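Chemist: Handing you this structure, nothing more for now.
Computed from the coordinates by the stated procedures, all read-outs in this text should not be read as laboratory data. Computed from a predicted model, the values in this text were never measured in an experiment. Note: ideal-geometry Cβ built from the backbone for every residue, glycine included; neighbour counts use all protein chains shown.
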Amino acid sequence: MTSSSRTPEGGRVDRATTVEFTFDGQTLTGHPGDTLASALLANGRHQVATSIKLGRPRGIAAAWAEDPGGLVQIEEPFPEPMLLATTVELADGLAASGLPGQGRLADVPDSARYDAVHHHVDVLVVGAGPAGLAAALTAARSGARVALVDEQSEAGGSLLGGTDRLDDAPALQWVAAAVAELAAAPEVLHLQRTTAFGSYDDGFVLALERRTDHLGAAAPKHVSRQRVWRLRARSIVVATGAHERPVVFADNDRPGTMLAGAARTFLHRYGVLPGREAVVFTTNDSAYDAALDLSRAGVRVQAVVDARPEGSPRRAECERAGIRVLSGAVVTGTRGVERVTHALVAPFADGEVGASSAIACDLLLVSGGWNPAVHLFSQSRGRLRYDEGLGAFVPGEELDGLAVAGSAAGLFDLAGCLADGQRVARAALAALGVAPAADDRLPTAPEPVVPAAPLVLWRVPDTSGAEGTTSFVDLQRDATVADVARAIGAGLRSIEHVKRYTTIGTAHDQGKTSGVLTSGIVAELLGVPVQDTGTTTFRPPYTPVAFAALAGRDRGRLFDPERVTALHDWHVAAGAVFEDVGQWKRPRHYPRPGEDMEAAVLRECAAVRTGVGILDGSTLGKIDVQGPDAAVLLDRLYTNLMSSLKVGSVRYGVMCGVDGMVIDDGTVLRLAEDRFLVLTTTGGAAKVLDWMEEWVQTEWPDLRVHCTSVTEQWVTFPVVGPRSRDVVGAVFPGVDVSAEAFPFMTWRDTTLEGVPVRLARISFSGELAFEVYVNPWYAVAVWERLLEAGRPYGITPYGTETMHVLRAEKGYPIIGQDTDGTVTPHDLGMAWAVSKKKPDFIGKRSFSRQANQDPLRKQLVGLLPVDRQTVLPEGSQIVEFAADGELPPPPVPMLGHVTSSYRSAELARPFALALVKGGRERIGETVHVPVHGTLVPVEVTGSVLVDPEGARRDG
Amino acid sequence: MAELLRTHPLEAWTAAFERLPDTVRIAAEPYVAMVDVRLGTVGPGASTALGVDLPTAPNTWVPAGAGRAVWLGPDEWLLTSPTEAPEELEGRVRAAVVGLGGSATDVSAQRIGLRLAGARVRDVLARGCSIDLHPRVFGRGSSAQTTLGQAGVVLLALSDAGDDVAVLVRSSFAGYLADWLLDAALEFTTTPDR
Amino acid sequence: MQLIACPWCGPREEVEFSYGGQAHVPYPDSPAELSDEQWAHYVFHRDNTRGRFAERWNHSAGCRRWFNAIRDTATYRFERVYRLDDPKSVTP
Ligand SMILES: [Zn+2]
């Protein structure tokens, strides 16, 4: 079926196949190879939507990403907002509707796949038009690693929308041969449907490949829909072509008003006649091709309106074709509502517009010249230069590793673009030390006709009486010449300020057609050269990129790595509820049927304090510190003395930053005279190793010591509670586990079935406890042996929540929870862990700073809610009543905050740890904590609430 | 009592790996003894004592008996041995280097190895690795400590064609990386099952 | 994504590195002899140069070695990188 505006033949669509799509609920047909825009035009439909602010009808005004008019919402196959009809490839079943400016996000998850690929090349060529193909062929023939990316569905660039010939044959034959040659070259990556949207440092270019949408329902589900190519190139050739620029006049937004080159593209590439009666308004020779081609295809070209007083040498050609050429004339306005019906044409000389007359037309083509697509060059911090002749900004300097070729550099003839592509590629190869191939032939283009100089015309003075309020500069923002004038009137001078005042260039198209126009109009209104006005900054992305594509594979399970211990599957099978600790998944508690967390934790706590419990503590950071100076290093990094620790013993230690604030804590096992095992918090593992390395490498390279992470080399199972001795003794009969033979804060090595095991008497709960260390290969086996041996005592696996309650009952702080980077060991009540013997260690000098001697510093204390009921929310502020027993007037001074808070099975009441100003002096006082709008009285206590004498640690 | 049963972090992935096509074969290589060696100066003494010339060129590895010696830093190597128990390897290496001012630490369970083989291996890795893995620059004997997906890895090129690579990953990240690799390889499966 | 040349591993993406602030700020020989103000200067004060700046970097996702670099803080360009034991390592 041939649609109403489809040409009888020609174009690059597959006429043998018909695809069905719906637009605004209407079922229409098109062909593979169509864009949604070309299919709509083929169905005689120009208007796509209405504008965001003014509700004016808007239509397709260009043929690709520079179109400011044809915004659509895709409904099927998957809801996606704000796409351009000109860049959506038609596929069977596509459903879309026109958008008044703003789209609608899908409210169902996107099931499509997205991914990224890193790729390294010697030469990256962006754009597969004549210059880009010439550059890619030249680079590929040298044997260099080459990538060629192009945003269209097929290679050819401007050649797809024209009738050019090369080597006396249609130019597209050469394009096909070039593509075939590139495909055969082993080191060439050639990607179509791939938009290089950002150019960054050191040859890094991001490109978005649209991989499956054009396949419609046949798109394979296991292939990513879109892919972000992370291209790293030693040299980049930007051959991105140019965008045609409109001229602004009154009512220049009516559907049917289109860039001249776009109409040519619709005709030649898609076999679509965008109208039946056309007026062509131009300031340069390029639009004459559109007039002649459309005329040849059967369009009645009513007039070519050429703003230049002398017109063009191509006038005679037009007249031979029966086309009237009006030189020294401009289009001053249009008539029509949903489609242009008349162009208003008036004589134009020396900036003065004469009386208008109306010419009937349903298509008004406009060309105000061409803007090189300098986006990638400018993103790479390349300076732009205003070219007076072109009325456009062109690359104004040479950049290292990035060169611009062809139309993007301001060249507009085919022979010149081919030669420029080759020249730039050869220069890139030379810079890389690669010799070009001996046979490096490019096709011959016909001798170009030298065009007449274009006229630089930004806008036609408004003679309609609307005073520029319907002369649209940025169609997507409904921003007009009047808006620009108002910005200037408000005193704005910088183009960046005008952009923000008028919002020009901030819409979906980022000013592809409006940017340079605005520079020109601002310069004109200010009476300054356009070079001085300059352009707004070009920023990535060149065209919009979906967040899903940027997220790529990092979604769902792969969003953030989950680190698990060797026992993870056991925990899952045991019904553990997990919590995130950094990237680790740790069992928080093991609820039994019917238990909530509170019940489970109370049960687990009671089991540990009265029987025996077991914890997977494998996430604890572990660092092997080896070498003759190992003890020297630890003495410098810990606040307490480690060199006096005996082999076979364990010591708790605190580390501070140079500012004297606690950064981590943990126990240290002395394995040998020259070897220690340092345990860190789970969260501090990487940080502490880095800290050690930093000091060893940057300050103390003479120390003979090496630090190695062994966090995952050892699983750690604390077996905790009064019956832990029975359990550990049963599993490791070779070890005398009596308090006398195996005292608190010592360790012993043993074996289990020949496998080395280390036992340490370390307690984080105050109870008798043994930590069992073994290679994770044997984690499950050893864990199950311990459970088996503990069965008679009701051994209870417990999670991090119970661990936290038990340690808090003993007043043991968690660094990072009870501290926040402003807490010294003294604030924690750990003056005992600060050596007075050592002449220096990291942090020592800061302790004597005046601010750290303040008696009103926040100190770690315990809090007991007087009502014995309220669990204080962690983070709650603490206040005190004034002498009169009332709350002081606001702002109420804060005394500190609650850092840890739990319900205690042992105490049979809730309790908390808190940092309180001068806290230790306040022990016994009552202060208040606001909880859900009421003030809860709490008693300040010491931080150790359970077994303050330490009687339980030996069982 | 019976011998202690061993388990490794990627057991649950075995079946999924086996379903992969020949172009991307992935297999876990568990239970390989590894030791982290630190040594200031590498000389003939060290070579004799260790039985291998530790590679001094960054980003390289060399065979060491049945295992490998991998450059990790200017004074740091990873020695692997599939034939020794972890404590045996550590003891042997420690004895060899301690007199030279070096150190040796058993890190056998710290990482687990994956072997990736097939024509599409480089494509799969390129989905999450920013370094250039082209055989022209990453031929046999090359190594790299870098990031794959969001996991830190050591990559070892085992062939000159880029079709045989060992990946060492921290054990706690192994499951994540296995999932990541399966996801990245999905495109190359002819009968995708998910 | 800038490339940073690790003196050992060569150019890698910047995300493999962590920043260590101004270079050549040694730990004082005798902290105890410093006044509070002198000590605070070591702990808290660093230059905030526009232009060439000597700074410390760590190849944290690679070989874990610290090194120094001269970088232009206005353009982000690395002029050179050098090892800590480089005899030329004193800032020009
Ligand atoms: Zn490095």
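Chemist: Could you tell me the distance between the Cα centroids of the range A:321-389 and the range A:860-906, to the nearest Å?
Modeler: Taking the Cα centre of each part, the range A:321-389 and the range A:860-906 sit 73 Å apart.
Chemist: Shifting gears a bit: Neighbouring Cβ atoms within 10 Å as the yardstick, rank A:ILE923, A:ILE623 fewest first.
Modeler: Listed from fewest to most nearby Cβ atoms, that is A:ILE923, A:ILE623.
Chemist: Before anything else, pin down the relative contact order of the range B:33-106: Cα pairs under 8 Å, at least 6 apart, normalised by residue count, whole percent.
Modeler: Taking the mean separation of contacting Cα pairs over the length of the range B:33-106, I get 42 percent.
Chemist: Could you tell me which residue out of A:VAL305, A:GLY617, A:GLY955 lies farthest along the dipole of chain A toward its positive end? Charges go on the beta carbon: Lys and Arg +1, Asp and Glu -1, centred on the Cα centre.
Modeler: Positive-most Cα among the choices belongs to A:GLY955.
Chemist: So what are the ³J(HN,Hα) numbers for the range A:391-401, from phi and the Karplus equation (6.51, -1.76, 1.60; θ = phi - 60°), rounded to whole Hz, Gly and Pro as x?
Modeler: So the Karplus estimates, Gly and Pro as x, are x, 8, 8, 10, x, x, 7, 8, 10, 5, x Hz.
Chemist: Run the quick spin-label model on A:THR751 and C:SER18: label points 7 Å from Cα toward the beta carbon, then report their separation in nm to one decimal.
Modeler: According to this spin-label approximation, the distance is 3.9 nm.
Chemist: Set the Förster distance to 41 Å, then compute FRET efficiency between A:LEU856 and A:GLN531 from the Cβ-Cβ distance, nearest 0.05.
Modeler: FRET efficiency, A:LEU856 to A:GLN531: 0.05.
Chemist: Please list, short to long, the whole-number percent of alpha-carbon pairs of the range A:902-943 in consecutive 10 angstrom bins beginning at zero.
Modeler: Distribution as computed: 26, 52, 23 percent.
Chemist: Within the range A:420-473, report the trypsin sites (Lys or Arg not before Pro) that DSSP leaves as loop and that have at most 14 other Cβ atoms within 10 Å.
Modeler: Answer by residue number: A:ARG441.
Chemist: Can you put A:TYR501, A:TYR902 in order, fewest other beta carbons within 10 Å first?
Modeler: Final ranking by Cβ density, sparse to dense: A:TYR501, A:TYR902.
Chemist: How many percent of DSSP beta bridges within the range A:1-108 run antiparallel, rounded to 5?
Modeler: Percentage antiparallel, nearest 5: 90.
Chemist: Rg/Rh for the range A:284-357: what does it come to with C-alpha atoms and Rh from Kirkwood?
Modeler: Taking Rg over the Kirkwood Rh, I get 0.98.
Chemist: Continuing with this model, one more query. Where nothing but the Cβ of Lys and Arg (+1) and of Asp and Glu (-1) is charged, how large is the charge dipole of the protein assembly as shown around its Cα centre, in debye to the nearest 20?
Modeler: Using only the charged Cβ atoms, the result is roughly 100 debye.
Chemist: When only alpha-carbon atoms count, how far does chain C stretch along each of its three principal axes, as whole angstroms with the largest first?
Modeler: For chain C, the Cα spread along each principal axis is 42, 27, 25 Å.
Chemist: Here is a further query. So for the range A:621-709, what percent of the C-alpha to C-alpha distances run longer than 15 Å?
Modeler: Of all Cα-Cα distances in the range A:621-709, 52 percent exceed 15 Å.
Chemist: While we're on this one: With only alpha-carbon pairs counted, each pair once and no self-pairs, how large is the Kirkwood hydrodynamic radius of the protein assembly as shown in angstroms?
Modeler: Evaluated over the protein assembly as shown, this radius sits at 35.1 Å.
Chemist: Separate question: If the convex hull of the alpha-carbon atoms of the range A:361-499 is projected onto planes in all directions, what is the mean projected area in square nanometres?
Modeler: Taking the Cα atoms of the range A:361-499, their convex hull projects to 12.8 nm² on average.
Chemist: In addition: Quickly work out the A:ARG868-to-A:ARG300 label distance, labels modelled 7 Å from Cα along the C-beta direction, and quote it in nm with one decimal.
Modeler: 10.1
Chemist: For the range A:691-783, divide the Cα radius of gyration by the Kirkwood radius and give the resulting Rg/Rh value with two decimals.
Modeler: 1.09
Chemist: Also, I was wondering about something else. Any chance you could check the Cα centroid distance between the range A:743-776 and the range C:10-37 for me, in angstrom?
Modeler: If you average the Cα positions of each part, the centres end up 38 Å apart.
Chemist: What per residue convex hull volume, in Å³, do the alpha-carbon atoms of chain B yield?
Modeler: Residue-normalised Cα hull volume stands at 123 Å³.
Chemist: Go from 0 up to the bin containing the longest alpha carbon distance in the range A:1-108, width 5 Å each, and give me the % of pairs per bin.
Modeler: P(r) over the range A:1-108, rounded to whole percents: 2, 14, 24, 25, 19, 10, 4, 1, 0.
Chemist: Taking 0.36 nm per residue of separation and subtracting the Cα-Cα distance, what length does fully extending A:ALA16 through A:ARG704 add?
Modeler: 239.8 nm
Chemist: Mind checking the dipole of the range B:104-194: about its Cα centre, +1 per Lys or Arg Cβ, -1 per Asp or Glu Cβ, Debye to the nearest 20?
Modeler: In total the dipole reaches around 140 debye.
Chemist: Can you give the convex hull volume of the alpha carbon atoms of the range A:796-955 per residue, in Å³?
Modeler: Convex hull volume per residue, Cα atoms: 151 Å³.
Chemist: Same structure, new question: List the trypsin sites (Lys or Arg not before Pro) within the range A:73-171 that DSSP assigns to loop and that have no more than 15 neighbouring Cβ atoms inside 10 Å.
Modeler: A:ARG104
Chemist: Between their Cα atoms, which of A:LYS53/A:LYS499; A:LYS622/A:LYS687; A:LYS646/A:LYS838; A:LYS585/A:LYS810; A:LYS810/A:LYS838 are more than 20 Å away from each other?
Modeler: A:LYS585/A:LYS810; A:LYS810/A:LYS838
Chemist: Dividing the Cα convex hull volume of the range B:33-106 by residue count, how many Å³ per residue is that?
Modeler: So the per-residue hull volume is 67 Å³.
Chemist: Please give the Cα centre distance for the range A:536-572 versus the range A:487-531, rounded to the nearest Å.
Modeler: The range A:536-572 and the range A:487-531 have Cα centres separated by 38 Å.
Chemist: Order these by the 10 Å Cβ neighbour count, fewest first: A:TYR638, A:TYR812.
Modeler: The most exposed by this proxy come first: A:TYR812, A:TYR638.
Chemist: If you don't mind, another one. Under the definition of Cα pairs under 8 Å and six or more residues apart, what whole-number percent is the relative contact order of chain A?
Modeler: Relative contact order comes out at 9 percent.
Chemist: Something else now. What does the average come to when, for each residue of peptide A:627-633, you count the partner chain Cβ atoms lying within 10 Å of its Cβ?
Modeler: 1
Chemist: Run the quick spin-label model on A:ARG592 and A:ARG383: label points 7 Å from Cα toward the beta carbon, then report their separation in nm to one decimal.
Modeler: Going by the 7 Å Cα→Cβ label model, 7.9 nm.
Chemist: A:ALA180 to A:SER644: extension gain in nm, 0.36 nm per residue of separation minus the Cα-Cα distance?
Modeler: 159.5 nm
Chemist: Please give the contour-minus-distance gain from A:LYS837 to A:ARG920: 0.36 nm per residue of separation, less the Cα-Cα distance, rounded to one decimal in nm.
Modeler: 27.3 nm
Chemist: Per residue of C:6-16, how many C-beta atoms from partner chains lie within 10 Å of its own C-beta, taken as a mean?
Modeler: The per-residue average across the peptide is 5.
Chemist: Another question, then. Return the long-range amide H neighbours of A:SER901 (sequence gap of 5 or more, or a different chain), with a cut-off of under 5 Å between placed amide H atoms.
Modeler: For A:SER901, whose amide H was placed from the backbone, the distant partners under 5 Å are A:LEU913.
Chemist: Under the rule of at least 5 residues apart or a separate chain, name every residue whose amide H is placed under 5 Å from the amide H of C:GLY20.
Modeler: C:ARG56, C:TRP57, C:ASN58
Chemist: Quick one: what are the phi-derived ³J(HN,Hα) couplings along the range A:7-15, Karplus 6.51/-1.76/1.60 with θ = phi - 60°, whole Hz, x for glycine and proline?
Modeler: 5, x, 7, x, x, 10, 7, 8, 5
Chemist: Just to verify a number: FRET efficiency for A:HIS222 and A:ALA360, C-beta to C-beta distance, R0 = 56 Å, to 0.05?
Modeler: 0.55
Chemist: Of A:LEU402, A:ASN371, A:PHE412, which is farthest towards the positive pole of the range A:359-412's charge dipole, taken about the Cα centre with +1 and -1 on the beta-carbons of Lys, Arg and Asp, Glu respectively?
Modeler: So the residue furthest toward the plus end is A:LEU402.
Chemist: Between B:ARG19 and A:ASP569, what is the FRET efficiency for a Förster distance of 22 Å, r being their Cβ-Cβ separation, to the nearest 0.05?
Modeler: About 0.60, to the nearest 0.05.
Chemist: State, as an integer percentage, the relative contact order of the range A:58-193 based on alpha-carbon contacts under 8 Å between residues 6 or more apart.
Modeler: 17
Chemist: Assigning unit charges at the beta carbon (Lys, Arg +1; Asp, Glu -1) and nothing else, what dipole magnitude in debye, to the nearest 20, does the range B:33-106 show about its Cα centre?
Modeler: 180
Chemist: Counting DSSP beta bridges in the range A:254-365, what percent are antiparallel, to the nearest 5?
Modeler: Around 50 percent antiparallel, to the nearest 5.
Chemist: With θ set to phi - 60°, apply the Karplus curve 6.51 cos²θ - 1.76 cosθ + 1.60 along the range B:119-136 and write out the HN-Hα couplings as whole Hz, x wherever there is a Gly or Pro.
Modeler: 5, 9, 4, 5, 5, 5, 5, 5, 6, x, 10, 8, 8, 6, 9, 4, x, 5
Chemist: Select from the range A:310-357 those trypsin sites (Lys or Arg not before Pro) which occupy a DSSP coil region and have at most 16 other Cβ atoms within 10 Å, ordered by residue number.
Modeler: Sparse-neighbourhood loop trypsin sites (Lys or Arg not before Pro): A:ARG324.
Chemist: Taking every residue in B:80-86, how many Cβ atoms of other protein chains lie within 10 Å of its Cβ, on average?
Modeler: Per residue, the average neighbour count from other chains is 1.
Chemist: Residue farthest toward the positive end of the dipole of chain A, with Cβ of Lys/Arg at +1 and Asp/Glu at -1: which of A:GLY843, A:THR29, A:ALA177?
Modeler: Looking along the dipole axis, the top candidate is A:GLY843.
Chemist: Another question, then. Would you mind checking which residues have amide H under 5 Å from A:VAL581's amide H? H placed 1.01 Å from N; only 5 or more apart, or other chain.
Modeler: Amide H neighbours of A:VAL581: A:ARG586.
Chemist: Of the listed peptides A:526-539, A:852-865, what is their order by residue-averaged count of other C-beta atoms within 10 Å, with the highest listed first?
Modeler: A:852-865, A:526-539
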